[in-house]
Amino acid sequence: MALSRTTRVNLLIGNGHFLSHFYVLCLPPLFLAWQNAFHVSFAELGLTIALMSGTTAILQTPVGFLVDRHGARAYLVGGALLMSLSIAAMGLATSFWQILLLAALSGVGNSVIHPADYAILSGSVDKDRMGRSFALHTFSGNLGFSAGAPVIALLTVAMGWRASVILVGLLGVPVVISILLQSNILKDQVREEPRHAATRVSGRELLLSRTMLLFFTFFLLGSMAGAGVQSWLITVLHSVHNMTLEAASTALTGYMAGSTIGVLVGGWFADTYKRHVLSFAVVLTLASAMLTLAVDWLPVSGLMVVGLMFASGLALGSSRTPRDVMLKDAAPPGQIGKVFGFVSAGLPLGSALTPVPFGLLIDHGHPELILVLVAVLLLASLLCMGTARSVAQHAAATAIPAE
């Protein structure tokens, strides 16, 4: 049975997004092999992730401007190919500086993914299915994160780290070829010219507007909260609630599984109840915060902790797609690339900001405050989300931004 056009678009875009997340987390399992091969410190090994993620975060916004000006398809093809071939080339490295250079180059390619993907989805998918397409996009990225470490670990055991890296890097080639062969179904975002020059707003003014800064902060705070859970939940449950490492790890797995499933639930809701996406996101973010506090404050059993963390992840994951849909609705026609490039840069930034200060809290004997701060960050993000939504709706009625 032939796949529908929308399904084919989702598969093409989702495959690239899967790889972009897969490549980030396929590197840490290689650290010990690289340490033996290149005789480097753990700090130097950490630079690989820092360079890849940092380069992506910094370049997303300027790439978004290019996507809006010249179209997304060529940048998507070039970015995905550079990202993949840079990973494959690591298997040929003879010195560690080459690994670092290739990590940065892969980050350059990765920086294209978010602005190009959202620009294409916005132009290729019917409005009635936009929420589900955004959800599948996020879902594919989550699967990439989940698959990266175990896949590369198994391959390394079976065939060594060099062959493994070359193999997973070359996986991007058929993805790029499939995008090229079916590029006719990938339509760019709709562009609308302003009718009055007086209403023109530059890209810089748009990104520094109150609406976009609030959305950026909303994404940032949510990412900080998620990074706090992912980085320190096991330590907190083990040291505060005396859970075994196995049980604490299961609780984190439950949280991540709930978050991934919730993304799909949020996509369905965003398409079915468009008028209620804000209230839906607010209620579920609040629920996630309260469930996290319940784990921290209530004397619950290990199995109950796993259930509560799954529910917390499910609630938070379900709020993510409505978040993306609200940002898409707030983006002026023809400027989705720069908007998503700028705002989604808050995600890697948030992930980078949280682990160290939270770790310092644990070092100073206050692990019980970690989940409290996670809840506070989620509640603070609600203020940004609600204000951003209302300001965006008011601005849409009074101005027509343009390139």
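The values are calculated or read from the model by the stated rules, or taken from the named source; none is laboratory data. Computed from a predicted model, the values in this text were never measured in an experiment. Reconstructed Cβ throughout: ideal geometry from the backbone, glycine too, with neighbour counts over all protein chains shown. Each accessible area value is taken on the protein alone, full model and side chains, heavy atoms only, with ligands, DNA and RNA left out. Shrake-Rupley method; radii C 1.70, N 1.55, O 1.52, S 1.80 Å.
General observations
The rows are residues; the columns are (1) modelled with pLDDT of 95 or more; (2) within 16 Å of the chain's Cα centre (by Cα).
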site	(1), (2)
Ile49	no, yes
Met52	no, yes
Leu59	no, yes
Phe65	no, no
Gly71	no, no
Leu76	no, no
Gly79	no, no
Ser86	yes, no
Phe96	no, no
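- Taking the listed residues Gly262, Gly222, Gly226, the one that is modelled with pLDDT under 90, out of contact with any strand residue (DSSP E or B) (no Cβ under 7 Å at 6 or more places or on another chain), crowded, with 24+ Cβ neighbours inside 10 Å and assigned to a helix (DSSP H, G or I) is Gly226, with no other qualifying.
- When Glu246 is tested against (1) surrounded by fewer than 17 Cβ atoms within 10 Å (Cβ to Cβ); (2) touching a Pro at 6+ places or on another chain (Cβ under 6 Å), just one condition goes unmet, and that condition is (2).
- Condition check for Ser318: out of contact with any helix residue (DSSP H, G or I) (no Cβ under 9 Å at 6 or more places or on another chain) and within 19 Å of Cys384 (Cα to Cα): no
- Scan region 1-27 for residues that are open to solvent by 50 Å² or more (accessible area, probe 1.4 Å) and in contact (Cβ under 8 Å) with a residue 40 or more places away in the chain and the total you get is 5.
- Residue under evaluation Val63, criteria (1) touching a Phe, Trp or Tyr at 6+ places or on another chain (Cβ under 7 Å); (2) surrounded by fewer than 20 Cβ atoms within 10 Å (Cβ to Cβ), criterion not met: (2)
- From the list Gly365, Gly346, Gly359, Gly341, the lone residue that is at pLDDT 80 or above and open to solvent by 40 Å² or more (accessible area, probe 1.4 Å) is Gly365.
- Members of region 32-46 found to be in a helix (DSSP H, G or I) and either surrounded by fewer than 16 Cβ atoms within 10 Å (Cβ to Cβ) or small (Gly, Ala, Ser) (or both), listed by number: Leu32, Ala33, Gln35, Asn36, Ala37, Phe42, Ala43, Gly46
- Take the conditions (1) in contact with a helix residue (DSSP H, G or I) (Cβ under 9 Å, 6 or more places away or on another chain); (2) farther than 28 Å from Ala116 by Cα; (3) of a type in the set (S, T, N, Q); Ser344 misses just one of them, which is (2).
- When region 125-136 is limited to residues that are closer than 20 Å to Gly334 by Cβ and touching a residue at least 60 places away in the same chain (Cβ under 8 Å), the one that is most open to solvent (accessible area, probe 1.4 Å) turns out to be Asp126.
- Selection over region 147-201 of residues that are modelled with pLDDT of 90 or more, exposed (fewer than 14 other Cβ atoms within 10 Å of the Cβ) and polar (S, T, N, Q) gives a count of 0.
- Candidate set: region 231-248, residues that are hydroxyl-bearing (Ser, Thr, Tyr) and out of contact with any Phe, Trp or Tyr (no Cβ under 8 Å at 6 or more places or on another chain); chosen: the one farthest from Glu368 (Cα to Cα): Thr244
- Pair list, Cβ < 8 Å and 6+ apart or interchain, from region 47-67 residues that are on the phi < 0 side of the Ramachandran plot to residues that are among the charged types (D, E, K, R) and crowded, with 19+ Cβ neighbours inside 10 Å: Thr61/Lys338; Gly64/Lys338; Phe65/Lys338; Val67/Lys338
- The condition (being of a type in the set (Gly, Ala, Ser), more than 16 Å from Ser178 (Cβ to Cβ) and touching a helix residue (DSSP H, G or I) at 6+ places or on another chain (Cβ under 9 Å)) is satisfied by just one residue among Ala50, Ala80: Ala50.
- Conditions (1) crowded, with 23+ Cβ neighbours inside 10 Å; (2) within 22 Å of the chain's Cα centre (by Cα): number failed by Val295: (2)
- Which numbered condition Val108 fails, given (1) at pLDDT below 90; (2) within 21 Å of the chain's Cα centre (by Cα); (3) open to solvent by 10 Å² or more (accessible area, probe 1.4 Å): (1)
- Flag set for Arg204, criterion: of a type in the set (Lys, Arg), at pLDDT below 90 and part of a helix (DSSP H, G or I).
- Test set (1) out of contact with any Leu (no Cβ under 9 Å at 6 or more places or on another chain); (2) small (Gly, Ala, Ser); (3) surrounded by fewer than 16 Cβ atoms within 10 Å (Cβ to Cβ) - Ser122 fails condition number: (3)
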